[in-house]
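For reference, the structure discussed in these notes is given below.
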């Protein structure tokens, strides 16, 4: 095992699914682009086996959407609360540019200023 692998913390895929990360990464990022992150579930145990791949429907003009009854409001709430708990700290970082939503942006250096 490499030194990097010893230091990287990993989340169990079952937790990734159950806490709402899969739903929200798809709903907020992949689906509007016509993509979806897939997990493979054991149909007998309903347990996550592995990541499956990326579905690709970029040719659909509306992207992808969950059926309304498939969205779990508790998962939306969980992810929103976690994101909000990190927002102030992220926005106050001195060496990084983070927008009002907590998303890191490229720090552009204006080459016209000398």
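Just so it is clear, none of the values below were taken in a lab; they were calculated from the coordinates. No experiment lies behind these values; they were computed from the predicted model shown. Positions of Cβ are generated from backbone atoms using ideal geometry, with glycine treated the same way; all protein chains shown enter the neighbour counts.
Which one is farthest from the chain's Cα centre (by Cα), of the residues in the stretch 30-50 that are farther than 16 Å from residue 15 by Cα and surrounded by 12 or more Cβ atoms within 10 Å (Cβ to Cβ)?
Among residues in the stretch 30-50 that are farther than 16 Å from residue 15 by Cα and surrounded by 12 or more Cβ atoms within 10 Å (Cβ to Cβ), the one farthest from the chain's Cα centre (by Cα) is 34.
Please specify each residue of the stretch 51-101 satisfying the condition of being surrounded by fewer than 12 Cβ atoms within 10 Å (Cβ to Cβ) and touching a helix residue (DSSP H, G or I) at 6+ places or on another chain (Cβ under 7 Å).
Within the stretch 51-101, just 58 meets the criteria.
Hey, any hits in the stretch 69-83 for a residue that's part of a helix (DSSP H, G or I), touching a strand residue (DSSP E or B) at 6+ places or on another chain (Cβ under 8 Å) and in contact (Cβ under 8 Å) with a residue 40 or more places away in the chain?
So far as the stretch 69-83 goes, no, none of its residues is part of a helix (DSSP H, G or I), touching a strand residue (DSSP E or B) at 6+ places or on another chain (Cβ under 8 Å) and in contact (Cβ under 8 Å) with a residue 40 or more places away in the chain.
Of everything in the stretch 1-29, what is surrounded by 14 or more Cβ atoms within 10 Å (Cβ to Cβ) and within 13 Å of residue 64 (Cβ to Cβ)? Give them in sequence order.
Answer for the stretch 1-29, where residues must be surrounded by 14 or more Cβ atoms within 10 Å (Cβ to Cβ) and within 13 Å of residue 64 (Cβ to Cβ): 23, 25, 26, 27.
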